[in-house]
Structure formats: structure tokens, C-alpha cells
Amino acid sequence: MKGAPRLGLRGEMLLLMAAILLLVTALFAGLWWHEKRSNADARELSAGAVRELTREGLLGRGQTLSSQLADAATNPMYYMDLATLGELARATLRQPDVVYVIIHDADGQVVHDGSGDIPAFGQPMSDPMAFEALNADGVHAQWSSKLLDVAAPIRIGGQRIGGVRVGLSRDNATARERDVLEPLAQRLQAASNEHLVGLLLLLGCLVLLGLGATALLQRRIVQPITGLAEAAARIEQGRYAEVDVHSDRRDEIGELVRAFARMSEAVARHDRDIRRMAYTDSLTGLANRLAFRESLDERLLTMQASSGELALLFVDLDDFKRVNDTLGHEAGDDVLGQLAMRIRLAVERIGGNTAEIARFGGDEFIVLYLAEDIRSASGRLAEELIEEIQRPLLLHGRQVFLGASVGITLFPFDATSAGQLLKNADIAMYQAKLAGKGCYRFYSKAMDQAVERRVRLEEELRGAWERGELSVHYQPIFRLADGRLMGAEALCRWDHPRLGVVPPSVFIEVAEQSGLIEALGRNVLQQACRDAASWSQPGQEKPFVSVNISPRQLRTGDLPDVVASALRATGLLAEQLHLELTETAVLGDEVQASALLSRLRATGVKVWLDDFGTGFSGLSHLRRVPVDGVKIDRSFVADVLRDPDDLALTSAIIAMAHSLGITVVAEGIEAEGQYEVLRERGCDQGQGFWLGRPMPAPEILRNFAE
């Protein structure tokens, strides 16, 4: 019986070549079809991108114009300087695309529109966009088919006194879109035709090469060599698990394949050892910064090809430095090891095998997380991480409590590159720190602007005292029983040459975060003592000056020395100086605060607890923290006439403080009724706009001289 006819190597190669030619032809046809589809998609995406860029550009200009106009109109609006408001409005109207400008008061009545006679002056805004513009808390944009309306509030000291609206035309933006898209479509069509010609030429060349290769190549030689080359490429890329080479042949090719397999196993084993040392954090056993960055780059390449989504969580421990400072660095390393294990378990429990975690450096960890509903899923993971870290740690027989702040950024919504994603996550984490720590924040573009503004403000704050931009104003404090002026609170004010009056709530926060508050606090203390030394009048009770002390100044531990130096330099009596500290700052480290305050009080300086009632303490803490007075927060005083609960709480604070021999001062008295109620309840002293606004040093000096 004869066996089946054999084609032989040449026949096999011919059949294989024919199949390859058919496959290549189909592939080129698919490529051409894909090219046409890609061109169509590119035109659609380009049109959308151009429209979005144009829209964002117009929106950015509108937000910038409205913000600048609102900032510039603050002082003119406060003093109702119509001439200046008109100049500002007309200057804005001269900007490209601006069709109208409206400056209105807090009730929505038009104050100026840039015209000469202001026909709408005093009339309420009645257009369809007026309601949202009037009620917006910040910069607010509204779109119509023809216009972009951007509104911004005008505030002084947190109080809204009016707002501005800037209307921009969309006609020029639409024309620019057409000018960009038409040439783009023509270029795409020309490129498509060129690609078709190139594909046809390439296909012809491949057919010729394939026919020639049929006579030269042999399957039993080409395939093993190709397999080894592919395996070598995988080894070069570090993909050792994908290397699978073996052969049962007993010739030279078989020996070569088996030798290559042994070499691959040895290289993979040595590479694993090296990578374990180079890419692992020795303290926690987690991946280190280098390993995480490489993994992130690989994930992003995969995600860009598959249109996937991922989240980057930047975890920073709150107040970890306190552990190293109080318990030592060995204890700090122990804490990091325990927390790393908790973070790893939490990430594995929620994220499964798709999540990766690394120690990014110091007390910072970073998590890469993939999920379907990425925003809500990453938020849940952040909450779980914060809860795990906040659980008490057992260290050398004692409990240690820590917290964490988490910043989250999302791919591809926030950024598409690894460096930008890491930067965004760091910015979001910083915003979580600003929000009070122990929480998480998602990145937004507004955070970039906030960080840029903060950095610029910090740069300008440096040297502001030396340039004479910072000054000290004084708000009078009266004895409620007889209305006698007893002293004043020193308040720092910044008159910026470009921004005008910068609210203290803005620049004091920047000073706290940057460390400038220590130098600023010393300067204010010196100036306040110098001014207060001139307030005393013969035969009268010596007035006092109260100076706010920041938590950072309290933590440095040298506050008693700074105060003593200021008193010596100015000649002010110690009993004339009152130091105000916030309730939360004192109770944050009660032992250290008590020791420092005791040293201060021993010199005769008075210590007051500011904003009392807003923290998490009770009056029982006053028995352990040595203070001479408490200042009832203005939030309680504001509602003593309307809210029985606030009146009862205020009365209780006064009564209990008096029982401990502590003076009570009420802040924020802005009505005669509040004054009378507090006086009837036995409140000792008070301050507020109804009694007297903050004033420069010469003016407060005249008040003491009367």
C-alpha cells in the first residue's frame, strides 16, 4: 500500500507563501479600511478638540477678565467710586470679544455698565442669566448660543458687597473653528491618498520578496531561528515568563535551542535577584519609587491603547514627624512597617490583583488602582485607607495615633503622562492637608491655579514687612459695665501695591503654611508693644494690647523668650500685654502648651483663649490649661438675640468662666441689643464693629487720649 503523496519542502513553502500572500492582501485591505475610518475619526476628534479648546480659551479669558475686574473693583465698589468703576468697566469693554460689562451691588442692582450716562443705574438685572450670576459663590460662567456670561463676586473680608459680569461674543470663536478645521480636512484627505499609494507599492514589493524567499528559506531552519530571536527579544524586555523554547531534535539546531533555554533560565533567575534588591523598599517590603514609576509607565501605555481608566492615590501620613521627634527614628521605622502592612491589606482587599502599592519616600505611599467606576471606587479606597491608618498602633506597650491625607488623580481625565499624574496627586494631597487633614481630595484644574496663586502670594509676602506693605491696626476692647476703653487687639493688615488690601484670612494662612508666620508674628508683637507703650495716660488704668499667637509660634517653644525680648525693647509692662491663642492650638499639645503658658504668666503676661467654643474641648480643660481669659467666638454672639440655645450657651460660658476666676470677652458685637444682653449676663469686656472698627495706630492713640 502506497503512502499519501508528499509535497516536500518546496511544496510546503509554496502553499505557505500562497497563504501568506492572501493574508497580507487581506491585512493591507484591512489597513486601508482602518486608515479611512481613522481619518474620519480624526476629523471628528479634531473638530471636537478645536471646539473644546476654543470654548476653554474663551472661558479662560472670561474668567480672567471677570476675576481681574472683581479684584480691581473691590475698593471702588466699597467707596462707591463710580468714576473709577466706569474706567474699569470701559477698559474691560475694550478687550476683544467683550460685548458688555455689568458691575452690580449685593442686591443685583446695576452700579455701572461702562457707558457714560449709565441708563440702567440702580435697576435690577432682569436677563435670564442674572439669577445664577447673582447667587454664585465664586467665578461662574453661563453659555448661550451667542454669548458667554462670566460672573465674579466682589468681597471684602469674606463679605460680598457686589459683583461683576462680563459678556463675551462667540462669533469670533466660531469663525476660528472653521478656519482651523477646513485646512485640516484637506490635509487628512491628501495624506490618506498618499498612504494608499504607499500601501500598494509595499504590497507589490512584498509579493516579489515572498516569491524570492520561497527558493531560499527552509521551514526547518527559519522557524527555530525565528523562535530563538523572539525569545531573545522577550528576555531583553524582561518578559521571562513568556520565554518557552524547547526542541526534541537531535541535530545542531536542537542543541542550540536547548542551550538557549538553559541560558534563559539562568538570566531570569539572576534578574529576579537584582530586581528584588533594586526595586523593593527595604523597610516595608513594598515596591520603591523606581519600581512604581516603571510599572506606571507600562500601565499607561496599555491604558492608552485600550482606552482604560485608572486612579493614582497619594497617601501622606499626618504629623509623622511628631513620632520621630518624640519616640525616635527606630520607633518611626516600626510605625512605617506596621502601616505599610495595613495599607497593603486594605488595597488587596478592595483593589484585588489590579492595584499596586509603593512607598514613595519618607512617610509617603502611592497606590495605583484600576476599576470600572473609577471615581467612586477610588473614593471608597481612600476612605478605607484613612480608616485603617487612623486605627491605634501598639508601639512598645503604648498606643500611637496617626492620620493620613490622600490626594487622588484620574487617568485619562486629569492627565495622560506619569509625571503629570504624580504631580496632580501630590497637589490634591496638599489640598487635603489644607482641608484639615484626615481626608481625601480629587484633583481639579482649579487646584493648579490655587497652588500658583499661593506660591506667588508667598513670594510677595516675603519682605512685605520690610517694604512697608504690612502694618498693624487695632480694634478697641471696651469694658461692658461702663463702656470704658480698656485696650485693643492688634491685627495685621497687608496693603498690596498691586492687589490692594489682601484679607488677613488669605495671607495669614499662607504665612502659617510657609513658616513665615514666625517672623511675621515677632514683627507684629514688637510693633504692638511699641505702640501700646504710648497709650498710657496719667492717673488712668493702664490699657492693654492683645496679640494673636499662631500655633506654629507656640510649637517652637521659644515664645517666652520672644515675648521677654519684645517687652525689654519697648518698655511695655508685662501686665499690659495679652497673648491670644486659639483653643485648638492649645489643646493640640496640652502638656507643652501648659508649660509654656505657665512660664509666660509667671512674668505677668496675660493669656487669653481666642475663639472659645469652636474647638472640641470643654470648660473642664480650663482647669488644666493656665489662662486668664476667654474670648467667646463671634458665631455665638451673632445669634444671642435670635437663638435661645446660643444665649443659654453664652450665659453658661460666662458663669462657669467666672467661677474659675477667668475674664470673659465677647467678639463680634455688631448691634446694641447684643451689647445689652451680654452686659446683663455679666460679660466683662467686648469688641466688635458696633463698638469700634480696626484703626491705625495714630487713631487708636487719640481714642486713649480722650
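Measuring with a 1.4 angstrom probe and ignoring ligands and nucleic acids, L559 comes out at about 10 Å² accessible. If the chain linking E383 and A648 were pulled fully straight, counting 0.36 nm for each residue of separation and taking away their Cα-Cα distance, it would gain 91.7 nm. Applying a DSSP loop filter and a limit of 16 other Cβ atoms within 10 Å to the trypsin sites (Lys or Arg not before Pro) in the range 27-118 leaves R94.
Charge dipole (Cα centre; +1 on Lys/Arg Cβ, -1 on Asp/Glu Cβ; no other charges) of the range 60-197 amounts to roughly 220 debye. S376 contributes an accessible area of around 40 Å² to the protein surface, as traced by a 1.4 Å probe with all chains present. Of the heavy-atom accessible surface of the range 463-579 (probe 1.4 angstrom), what whole percent is carbon and sulfur? Heavy-atom surface of the range 463-579 belonging to carbon and sulfur, 1.4 Å probe: 50 percent.
Annotation: peptides 307-316, 117-126, 676-685, ranked by per-residue average of other Cβ atoms within 10 Å with the highest first, follow the order 307-316, 676-685, 117-126.
Computed about the Cα centre, the dipole magnitude for the range 430-518 is approximately 300 debye when only Lys and Arg (+1) and Asp and Glu (-1) carry charge, each at its Cβ.
For the chain, please report how many Lys pairs fall under 18 Å Cα to Cα, leaving out neighbours fewer than 8 apart on the same chain. Going through the chain pair by pair, I get 7.
Label sites at Q513 and R456, each approximated as a point 7 angstrom past Cα along Cα to Cβ, lie 1.5 nm apart. Neighbours of A152 by Cβ distance under 12 Å: Lys/Arg scored +1, Asp/Glu scored -1, total 0. Nearest 10 degrees is fine. How inclined is helix 559-570 to the longest principal axis of the chain, computing both from alpha carbons? Here the helix axis deviates by roughly 50 degrees. For a modelled paramagnetic label at A175, 7 Å from Cα along Cα-to-Cβ, no residue of the range 51-92 is in reach, as no backbone nitrogen comes under 12 Å. In the chain, taking the dipole from charged Cβ atoms about the Cα centre, the farthest positive-side position among L434, G487, I669 is held by L434.
Shape class for the range 19-71: prolate, because the ratio a/c of the largest to smallest gyration tensor axis (alpha-carbon atoms, square roots of eigenvalues) is 1.5 or more and a/b beats b/c. With the convex hull drawn around the C-alpha atoms of the range 642-706, the volume per residue stands at 99 Å³. How would the range 89-148 be classified by its alpha-carbon gyration tensor: rounded, prolate or oblate, with rounded meaning a/c under 1.5 and the a/b versus b/c comparison settling the rest? Cα axes put the range 89-148 in the oblate bin.
Think of the chain as having a plus end and a minus end, set by charges on the Cβ of Lys, Arg, Asp and Glu; of I508, G397, G163, G397 sits farthest toward the positive end of this dipole.
Compared with the alpha-carbon gap, the fully stretched path from E330 to N703 is longer by 128.4 nm at 0.36 nm per residue.
Placing R0 at 25 angstrom, the Cβ-Cβ distance between L394 and T354 gives a FRET efficiency of 0.20 after rounding to 0.05. With each label modelled as a point 7 angstrom along the Cα→C-beta vector, the L27-A446 pair spans 5.2 nm. Residue separation of L256 and R375 scaled by 0.36 nm, minus their Cα-Cα distance, works out to 37.6 nm of gained length. Along each principal axis, taking the top coordinate minus the bottom one, the Cα set of the chain gives 136, 77, 47 Å in descending order. Mean projected area of the convex hull spanned by the Cα atoms of the range 356-461, taken over all viewing directions: 8.4 nm². Between C205 and N135, the modelled labels are 6.7 nm apart [label points 7 Å from Cα along Cα→Cβ]. Taking the Cα centre of the chain as origin and assigning +1 to Lys and Arg Cβ atoms and -1 to Asp and Glu Cβ atoms, the resulting dipole is close to 2080 debye. Note on exposure: T603, T226 ranked by accessible area (1.4 Å probe, complete protein assembly) read T603, T226, with the most exposed listed first.
Largest to smallest in accessible area, the residues R493, R359 fall in the order R493, R359 (1.4 Å probe, all protein chains included).
Proximity of backbone amide H atoms, modeled 1.01 Å from N, is registered between S546 and A488, E489, A490, H578 at under 5 Å, excluding neighbours fewer than 5 places apart on the same chain.
The values are calculated or read from the model by the stated rules, or taken from the named source; none is laboratory data. All values derive from a computational prediction rather than experimental measurement. Neighbour counts run over all protein chains shown; Cβ positions are idealised from the backbone, glycine included. These area figures cover heavy atoms from the full protein model, side chains too; ligands, DNA and RNA do not enter into them. Shrake-Rupley method; radii C 1.70, N 1.55, O 1.52, S 1.80 Å.
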